[in-house]
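Asks: Before anything else, here's the structure in question.
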Amino acid sequence: MFEIPARHFVRYYEILSILMRHGLGYLLISGNLMPVQEENLAVVGVHLRNAFAELGPAFIKIGQLASTRSDLLPQPIVQELAKLQDRVRPLSFREIRGVVEASLQSRLESAYQEFDPVPLAAASIGQVHYAVLHNGERVAVKVQRPMLRETVKTDLEIFQTLVNQIEQRTEWGKRYPLRMLLKEFSDTIKGELDFLNEGQNAEKLAKLNKKNSNILIPKIYWEFMHPSVLTMEYISGIPLHQIIGSQETSNNVHRIAERLSKALLQQILLGGCFHGDPHPGNILILPGDKIALIDFGITGHLTQTMRGQILSLISGLVRGNNALILKTLSQMGIVPEYVDKFAFQADISTLRHKHLKVSLRKFAMGESIQDFFDIIFRHGIQIPSEFILVGKALLTLEGTLNGLDPTISLVEQAKPFSRRFIWGKSGLMEFWNKIRGTRETDTTGLPINIQ
């Protein structure tokens, strides 16, 4: 057995016993070098999903994050990890009181006039309770599970040991950038564990959407905030998943779908700060078909350059401009020299024919981006995590839109934002400079191909 820190003994052997029970002990026990063949990866994926679900918050989160990286991990494992459910037993009210009072340095009754002991929702990071402030304002209080940071820190360190062993003992472990992924996932999880970050994300999105009266972002109450306690405005609405597919809803689903798609596209393509997990459970519908977004633990941030690159990639996919796609990827600095450009372009052409058998209005942007990730995975091209989150958000949004109103096209919804990006103040200067520098014969380097 290889060396592990003494402080990790108890947790390490707990993890080892669970992995062994799910047939994965060979990853950690020296001497057993059983290789994992490609055809066995589906079975490995099932075992990993079941083991991660039993191992708790850090492993559940890492599994969920790994399921978004189809550009870097084999599909059989990605597909199984995507099934991980973030459901855990609720904390007792006594535990909740202890976390709130230790975090806010005051008695629960001093901070809140009312505090419902029954949670509205419970997940691996924490749970949410309804409460009322002493000024009468209704709030939702998100409380982190006690000792979670310490547990996650230990698990991430052990996970590093696990990754080292996978790299040493399996052929597929040598092929995939597991260390890079673990670093990325660790940073994401640590960010989610700091509720102050979530509060700041909510305020950024509120600022971006303040002129849109149809989109609501809950107010943050900073006087009742702590890395382990988040207090935000309580918004009473109907969860979107209750409306999707309902035959009895009085809501205008077309209007909801249009407002939701425009809001997220504006966040991604113009604002550079976007809700990274817009699934129906994080969306509430209010009277007048207004939309409230909740849960800002996963929020994406894009520079203007990144937004231009996203538009270029989407333009290349939609228009079948393989040269633009490859040029944009090259500008990102992530295309290895050994990539077979002819084979890559052939795969992109196949992708285009698959998705554009129907009209442009029916073009499945999210699914196309996901298929695109599969292609770059096969060719060893690495995509920055910010772009992966964009792809995941668009794929999630497109699935939601299909459930609401299949006539809504993300491509059509994105056109006005593309034009605004190009003709915006800084975009106009870049656009004009590129015209002057490339003349009329070369427009592939523009934010969107206008040929």
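Bear in mind these aren't lab numbers, they're just calculated from the coordinates by the rules spelled out. Small disclaimer: the values here were computed from a predicted structure and weren't measured. Virtual Cβ from ideal backbone geometry, glycine too; neighbours counted across all protein chains shown.
Asks: So, R0 is 41 Å and r is the distance between the beta-carbons of F93 and Y338; what FRET efficiency does that work out to, to 0.05?
Replies: Details: r = 58 Å, r/R0 = 1.43.
Result of the calculation: an efficiency of 0.10.
Asks: Taking the Cα centre of region 225-311 as the origin and placing charges on Cβ (Lys, Arg +1; Asp, Glu -1), which of G281, A263, I298 is farthest toward the positive end of the dipole?
Replies: The listed residue farthest towards the positive side: A263.
Asks: Distance from the Cα centre of region 228-246 to that of region 265-338, in angstrom?
Replies: 24
Asks: Determine, from the Cβ-Cβ distance of V10 and H47 and an R0 of 22 Å, the FRET efficiency 1/(1 + (r/R0)^6), rounded to the nearest 0.05.
Replies: 0.45
Asks: Continuing with this model, one more query. For region 66-139, just say rounded, prolate or oblate: build the C-alpha gyration tensor, square-root its eigenvalues into a ≥ b ≥ c, call rounded for a/c under 1.5, and beyond that prolate if a/b exceeds b/c, oblate if not. Display every interim value, and only then the final one.
Replies: Values: a/c = 3.28, a/b = 3.06, b/c = 1.07.
Judged from the Cα gyration tensor, region 66-139 comes out prolate (a/c at least 1.5, a/b above b/c).
Asks: Separate question: Which one, Y221, L205, Q242, is farthest towards the positive end of the dipole of region 139-291 when Lys and Arg carry +1 and Asp and Glu -1 on their Cβ?
Replies: Final value for the positive-end residue is L205.
Asks: Okay, next question. Evaluate the distance, in nm, between pseudo-label points positioned 7 Å from the Cα of Q331 and of H353 along their respective Cα→Cβ axes.
Replies: Using points 7 Å along Cα→Cβ, the separation is 2.9 nm.
Asks: Regarding region 148-284, what are the three Cα extents along the principal axes, ordered largest first, in Å?
Replies: Principal-axis extents of region 148-284 (Cα, largest first): 57, 39, 31 Å.
Asks: What is the dipole size for region 222-285, taken about its Cα centre, with +1 at each Lys and Arg Cβ and -1 at each Asp and Glu Cβ, in debye to the nearest 20? It would help to have the intermediate numbers written out before the result.
Replies: Values: 3 positive and 5 negative charges, 47 e Å.
The calculation lands at about 220 debye.
Asks: Could you calculate the contour length gain from V132 to W222, that is, 0.36 nm times the residue separation minus the distance between their Cα atoms, to one decimal place in nm?
Replies: Numbers: separation 90, 0.36 × 90 = 32.40 nm, distance 1.50 nm.
Extra length available between V132 and W222 comes to 30.9 nm.
Asks: Can you give the FRET efficiency for E203 and E412, using 1/(1 + (r/R0)^6), R0 = 30 Å, r = Cβ-Cβ distance, to the nearest 0.05? Intermediate values should be presented prior to the final figure.
Replies: Numbers: r = 31 Å, r/R0 = 1.03.
Given R0 = 30 Å and the Cβ-Cβ separation, E is 0.45.
Asks: Distance between the C-alpha centers of region 47-120 and region 133-149? Whole Å please.
Replies: The two parts, judged by their Cα centres, are 15 Å apart.
Asks: Using label points projected 7 Å from each Cα along Cα→Cβ, tell me how many nm separate Q85 and L286, to one decimal.
Replies: That separation, rounded to one decimal, is 3.2 nm.
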